[in-house]
C-alpha cells in the first residue's frame, strides 16, 4: 500500500506543478482544487488528501469521517477555540489551507485502513458535506442502491442550496471470496 500512496503523492505533485505553471502562463494568482484519492489493494485502502474534500466510511451502520479538513476553521477546532456547531456557521468555514495548485510545494496527508466486506466509502467535495449532514449521508448510503447513492446525495445537496461544486463518489468493498467460503463451508 505504501508504494501506491507514494505513487499517488508523486502524481499529485506533478499536477500541482502543472497548475502552478498554467496559472503563471495565464497571469493569474492561482488555479487550484482540493483533492481526495482512495486506493485499494488486497484488504487495505489508502487515501491521500489536501483541502476540504472528504472521505467517509460506513461500517457496521456507523458513518465516520476518515480525513480531516485542511481549513482555518478545522485548525481552530483542533485548538479548542471552536465547537463543531460554531465551526458550521463560522464566516471562515470555506477558507482552506491546502489545495493542489495553491503553493509551489503541495502538502498532502495520507493514511490507510484495513477494509471489511461491505464497507462503503464516500468521497465528496465540500459542496456535498456543507449541505448534507452526516445523519442524512448515512441514511442515503445505508438505504439507497449503491449505484443510486451518488445521485441521491447530489440531489439532496442541490435541494438544500447547492452553493458550491457538488461531487459524490461511492465505493463498496466486497470480499471476492465470500461466496467461495459458503461453498467451502456448507451449512449442516
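The values are calculated or read from the model by the stated rules, or taken from the named source; none is laboratory data. Since the model is a prediction, treat every value here as computed from it, not as a measurement. Reconstructed Cβ throughout: ideal geometry from the backbone, glycine too, with neighbour counts over all protein chains shown.
Look at region 65-81: where a residue is more than 26 Å from residue 141 (Cβ to Cβ) and a partner is exposed (fewer than 14 other Cβ atoms within 10 Å of the Cβ), sitting 6+ places away or on another chain with Cβ atoms under 9 Å, you get 72/92; 72/95; 75/81; 76/86; 76/92. Looking only at region 114-133, which residues are under 30 Å from residue 176 (Cα atoms) and either touching a residue at least 60 places away in the same chain (Cβ under 8 Å) or part of a helix (DSSP H, G or I) (or both)? Correct list: 114, 115, 117, 119, 120, 121, 122, 123, 124, 125.
Would a scan of region 1-24 turn up a residue that is closer than 13 Å to residue 123 by Cα, under 18 Å from the mean Cα position of the chain (by Cα) and either surrounded by fewer than 13 Cβ atoms within 10 Å (Cβ to Cβ) or modelled with pLDDT of 95 or more (or both)?
The first filter runs over region 1-24 and keeps only residues closer than 13 Å to residue 123 by Cα, leaving none.
No: zero hits.
In region 161-171, which residue that is at pLDDT 90 or above and in contact with a helix residue (DSSP H, G or I) (Cβ under 9 Å, 6 or more places away or on another chain) is farthest from residue 126 (Cα to Cα)? Taking the candidates together, the pick is 170. Scanning region 16-39 for any residue that is under 27 Å from residue 130 (Cα atoms) and assigned to a helix (DSSP H, G or I) turns up at least one such residue. Residue 136 satisfies every condition listed in (1) touching a residue at least 60 places away in the same chain (Cβ under 8 Å); (2) surrounded by fewer than 20 Cβ atoms within 10 Å (Cβ to Cβ); (3) under 16 Å from residue 166 (Cβ atoms) except (1).
Within region 25-49, no residue that is at positive phi and free of Cβ contacts under 8 Å to residues at least 12 places away in the same chain sits with its Cβ atom under 7 Å from a residue that is outside any strand (DSSP E or B) and exposed (fewer than 13 other Cβ atoms within 10 Å of the Cβ) at 6+ positions apart or across chains.
Sort through 156, 141, 106 and tell me the only one that's in a loop (DSSP other than H, G, I, E, B), at pLDDT 95 or above and buried (at least 20 other Cβ atoms within 10 Å of the Cβ). Before you say what the answer is, go through the steps one by one.
On the way: 156 fails: in a loop (DSSP other than H, G, I, E, B); 141 fails: in a loop (DSSP other than H, G, I, E, B).
Criteria check complete, one pass: 106.
This table checks each residue for (1) surrounded by 14 or more Cβ atoms within 10 Å (Cβ to Cβ); (2) modelled with pLDDT of 90 or more.
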| site | (1), (2) |
| --- | --- |
| 99 | yes, yes |
| 114 | no, yes |
| 121 | yes, yes |
| 177 | no, no |
| 182 | no, no |
